[in-house]
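The values are calculated or read from the model by the stated rules, or taken from the named source; none is laboratory data. Fair warning: this is a prediction, and the values are worked out from it, not measured in the lab. Here the Cβ is made from the backbone with ideal geometry for all residues, glycine too, and neighbour counts use every protein chain on show.
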Amino acid sequence: MPLGEEYSGKLRWPRLMQDVAIVAWPSFLVASVATMVCFAFIDPLLIGHDDYPPPAFSTRMTGYAVGFFFFWLISALSSLLTLYLARTAHPEPPETDLAKDETRSVE
Amino acid sequence: MTGPEAELEGGLYEARQKIYPREIEGRFQRWRAIAVWVLLGIYYLLPWIRWGGRQAVLFDLPARKFHIFGLTLWPQDFYFLTWLLVIAALSLFFFTALAGRLFCGYACPQTVWTETFLWMERLVEGNRSQQMKLAKAPWTLEKLMRKGAKQFLWIAFALWTGFTFVGYFTPITELAGKIVNFATGPWEKFWVLFYGGATYFNAGFMREQVCKYMCPYARFQSAMFDKDTLIITYDAERGEPRGARKKGSDYKSRGLGDCIDCTMCVQVCPTGIDIRKGLQYECIACAACIDACDEVMDKVGYPRGLVRYDTQHGLEGVKKRVLRPRTLVYATLLAVLLGGFAVALSNRSVVGMDVIRDRNALYRERPDGLVENVYNVKILNKDAASHEFHITVSGLPGIEVDYAGPTVLVGPGQVQSVPVRVRVPRGGISGGVDVQFAIETTDRPELRAEGKARFLAPTG
């Protein structure tokens, strides 16, 4: 952690820190909700129980935890892609010769 | 590229500077302290309260049952939780429309825990200027001791927070015993450290940056605002032009406003903004600047309220309205949802059933001319008392039911599986027909549930 000077008005996280935060945090929130909804309907002990005798998870707590991190991972991937697309987009449509021509013909 | 865009680029190379909010006393800070004590008091004490021989509030995930005092919720009652979340969201909208970001300043866990961590920091490192001096000072033994003591307090408090969190999901007295004996399970250990670690980093280091970069509410709360929403605001009309002046001097003749430009409002701000620049989304409405400014106004002998809670209409001198379409709509919706929730909860069925066909055989033709199907009936008793259940089946002429009866005892909060044989005279049907199952308690006939299953017979 950087040791601070007195308040100088320059209070900003580095870009990388912002990126990590806005990928990890919203996906954490979404994963929490997804875990709740999923396991309200599905008992982790019954996953994989039908076809083969050993269930997929030995205890429910393992099932919940694995489920939560799975949801976190896939929602984080989605956040990451969204962030990437938003960050790499041109702020404005690039100006082309064609566009210039069209403006001229309108005039 | 425009101005803010360029500033953002600059952010790439700039380390965040830590904000040392100046400590401040005043009426709103007293309210905030009370809120911290009440909310954290509830959080840390609730799992220790007992109710009818068990933990009063226990979200028993291993057993898939939620206990909330006298109420036990099952996975089938999940929609109550959804309903509660909708009510919580709507309450947030309502209070935001009414009084701005009350939640942020007084009740948000991020604020509440950050406040606690700030107290611990002040306890060990002293006030704002002492903290800044310590940060600049070389590493002496005293600095090491102070920083070490702060870390010890922070880590201990964070671990206690993580322990309490897990105590909502696994009985807390058992958990405490396991921790004392180093016998916690792997997941218990993991979640204590996970939640404790999150508390430590969020409240110790990330602090106001969470509100600025990570909080969605901070970005969309302005959608609930209108000109009658209570906000923390600087009265520019009265304050400007700001400037230093000698005490008791006739500043008005020099063309100065009431703001003496002491920057106290900036120094106390936990998010490091200047309220005099107007409403900003970084403002978490903690009202520290109000208390700071009031204190200064008292000292220089000006009336309080240069920075105050007010509405945009209030500042413009227009009549304030609390009752307006926005608040009325939110309030009505909230009342309907709350009423519906209470009614649904009190009418919730406390018995339930599930009928599953036996998979091993479609049907059996008996020598006495009956066709038999076997089912597995699951009786669910969500009530706090045990009940005796009758099982009946109807829907076909001459139908017979056979189970280990005449009644089945199911304990409180228990599920009981009962193999049930259903017989119908051969020739009565062909192929498949739906039959109705019903369970009913012997002591309270209104506690009943119904289910449906397919009865199969040979065709022809």
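Numbers at a glance
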quantity: Flag for residue B:62 being under 26 Å from residue B:196 (Cα atoms), within 14 Å of chain A (Cβ to nearest Cβ) and not in a strand (DSSP E or B); calculated: yes
quantity: Filter result for residue B:171 (under 23 Å from residue B:59 (Cβ atoms) and either of a type outside the set (Asp, Glu) or out of contact with any Asp or Glu (no Cβ under 7 Å at 6 or more places or on another chain) (or both)); calculated: yes
quantity: Residue list for region B:159-186, filter: of a type in the set (Phe, Trp, Tyr) and closer than 21 Å to residue B:54 by Cβ; calculated: B:163, B:165, B:168, B:169
quantity: Strands (runs of 3 or more DSSP E) within region B:373-460 that include 3 or more residues over 27 Å from residue B:347 (Cα atoms) and not β-branched (Val, Ile, Thr); calculated: B:414-425, B:431-441, B:448-457
quantity: Candidate set: region B:415-431, residues that are at pLDDT below 85 and surrounded by fewer than 14 Cβ atoms within 10 Å (Cβ to Cβ); chosen: the one farthest from residue B:377 (Cα to Cα); calculated: B:427
quantity: Among residues of region B:72-131, those that are of a type in the set (Lys, Arg) and either in contact with a strand residue (DSSP E or B) (Cβ under 6 Å, 6 or more places away or on another chain) or at pLDDT below 85 (or both), counted; calculated: 1
quantity: Inter-residue pairs, beta-carbon under 6 Å, first within 9 Å of chain B (Cβ to nearest Cβ) and in region A:17-45, second small (Gly, Ala, Ser), 6+ apart; calculated: A:26/A:79
quantity: Single residue of B:269, B:283 found to be outside any helix (DSSP H, G or I), modelled with pLDDT of 85 or more and within 11 Å of chain A (Cβ to nearest Cβ); calculated: B:269
quantity: Residues of region B:101-129 classified as farther than 23 Å from residue B:157 by Cα and surrounded by fewer than 20 Cβ atoms within 10 Å (Cβ to Cβ), total; calculated: 3
quantity: Tabulated pairs, region B:411-431, first without any contact (Cβ under 8 Å) to a residue 60 or more places away in the chain, second charged (D, E, K, R) and assigned to a strand (DSSP E or B), C-beta under 6 angstrom, 6+ apart or interchain; calculated: B:415/B:378; B:417/B:378; B:421/B:372; B:421/B:402; B:423/B:372; B:423/B:400
quantity: Test: residue in region B:28-49 that is on the phi > 0 side of the Ramachandran plot and either modelled with pLDDT of 80 or more or away from chain A (no Cβ under 13 Å) (or both); calculated: no
quantity: Restricting region B:65-97 to residues that are within 14 Å of chain A (Cβ to nearest Cβ) and touching a residue at least 60 places away in the same chain (Cβ under 8 Å), the residue that is surrounded by the most Cβ atoms within 10 Å (Cβ to Cβ); calculated: B:77
quantity: Filter result for the condition that a residue is of a type in the set (Val, Ile, Thr), away from chain A (no Cβ under 14 Å) and touching a residue at least 40 places away in the same chain (Cβ under 8 Å), over B:307, B:296; calculated: B:307
quantity: Some residue of region B:109-128 being of a type in the set (Gly, Ala, Ser), away from every other protein chain (no Cβ under 14 Å) and not in a helix (DSSP H, G or I); calculated: yes
